[in-house]
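Trainee: Input: one structure, supplied below.
Read-outs: derived from the displayed coordinates by stated rules, not from any lab. Note that this is a predicted model, so its numbers are computed, not measured. All Cβ positions, even for glycine, are placed from backbone atoms using ideal geometry, and neighbour counts span all protein chains on display.
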Amino acid sequence: MWFSTKAMPSYEAILSATASLTASVILLRTVANDFIPESIKDRLFLHLHKISSSLSSQLTVVIEESDGLTANQVFHAANVYLGEKLSSSTPRIKVNKPQKEKRLQVTTDKNQEMVDVFKGVKLKWVLLSTSRNHVLKKNNKNGVLKEEIRYFELSFHKKNREMVLGSYLPYLLQKAKEIKEKNKTLKLHTVDYNGTDYWGSINLDHPASFDTMAMDPAVKTALIEDLDRFSRRREFYRRVGKAWKRGYLLYGPPGTGKSSLVAAMANYLKFDVYDLDLKEIQCNSDLRRLLIGTGNGSIIVIEDIDTSLDSAEDDKVCINNEISLKIYWLI
């Protein structure tokens, strides 16, 4: 095979052409930044982006952290879900531990790509961020507040659009909910009657469980089955238009295990506990405000209702003063 070296440019010519092209690109970018208005640049970028998107087979879904006022549940669910999917080969991760939580929270860091597979389809995730400046005016002085805006980009083939929106994202929301329930630190909520008159919380670190409870085996089995049935029927209650709640009456003298049973129920269901003292409630509006402030999926403990009854009602209701009554509502 014959060839001629005269047709090949020299190394110096290639280097010169590359330097010339680079200088031209830098010059064009400088001219664009200095002389083209932002609105025109944004419009040009939008058109170029549309052209490149139409030529690409990939679809990218942008999932922002919030829409300005409310948090985006999909973003936070993705953060939880992807944190559980991190592999040992991931080069950068973020670790956080809130003061009142027991477990470390591991999440993906910015600019780290992750690939998830759902029904044989590869889905690429990447966490990105941008900043936005807000002008603040105070005492006739202007200031600038820089706000970080985080968002996920989820990329996949366009043909899988309906599958991702209809199946994958609902699956992600459900899995994130299950992960949060599994890792949940239970809380004991009490009302600060001498301060805010509202709920405050501490960690509920009680070792009681149904395995350690000393109670009649038949009663224990019946209670566990009732709790399981109640948990499974949440959607049924919603369909028939009834409040999802279950009431239990526990009674007996102090030290007979009522509080331990409540703790065992909380640990079994992964429900927070709200301790409510009716003696401190002054009116119905206060009670309504406190009940509205409780979380869904919780145990509300109304203690010592016998001591909360008026003396007038004591004449109508026969109550043994040696027995302390308690009502526990599951909501």
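Trainee: State, to one decimal in nm, how far the label point of Lys270 lies from the label point of Asn133, with both points 7 Å from Cα in the Cβ direction.
Mentor: 4.5
Trainee: For Tyr251 paired with Asp228, estimate the spin-label separation in nm (one decimal), with each label point 7 Å from Cα along the Cα-to-Cβ line.
Mentor: 3.0
Trainee: Another question about this same structure. Given a Förster radius of 35 Å and the C-beta distance between Glu113 and Asp216 as r, what FRET efficiency does 1/(1 + (r/R0)^6) yield to the nearest 0.05? Before the final figure, lay out the partial values.
Mentor: Values: r = 56 Å, r/R0 = 1.61.
Rounded to the nearest 0.05, the efficiency is 0.05.
Trainee: Another one. Provide the packing ranking of 270-280, 231-241, 203-213, 154-164, i.e. peptides ordered by the mean count of other C-beta atoms within 10 Å per residue, highest first. Please list the in-between numbers first.
Mentor: Working: 270-280: 17.8, 231-241: 10.8, 203-213: 13.2, 154-164: 15.2.
In decreasing order of mean packing, 270-280, 231-241, 203-213, 154-164 become 270-280, 154-164, 203-213, 231-241.
Trainee: Going through the cross-link list Lys122/Lys182; Lys85/Lys184; Lys97/Lys180, which pairs have a Cα-Cα distance over 20 Å in this structure? Mind dumping the intermediate values first?
Mentor: Working: Lys122/Lys182 27 Å; Lys85/Lys184 18 Å; Lys97/Lys180 14 Å.
Violating the 20 Å Cα-Cα cut-off are Lys122/Lys182.
Trainee: Something else now. Calculate the spin-label point distance for Ile179 paired with Leu287, positioning each point 7 Å from the Cα along the beta-carbon direction, and give it in nanometres.
Mentor: 4.2
Trainee: If you don't mind, another one. Please work out how much length the chain gains when fully extended from Lys124 to Leu59, using 0.36 nm per residue of separation minus the C-alpha to C-alpha distance, in nm with one decimal.
Mentor: Values: separation 65, 0.36 × 65 = 23.40 nm, distance 1.05 nm.
Answer, rounded to one decimal: 22.3 nm.
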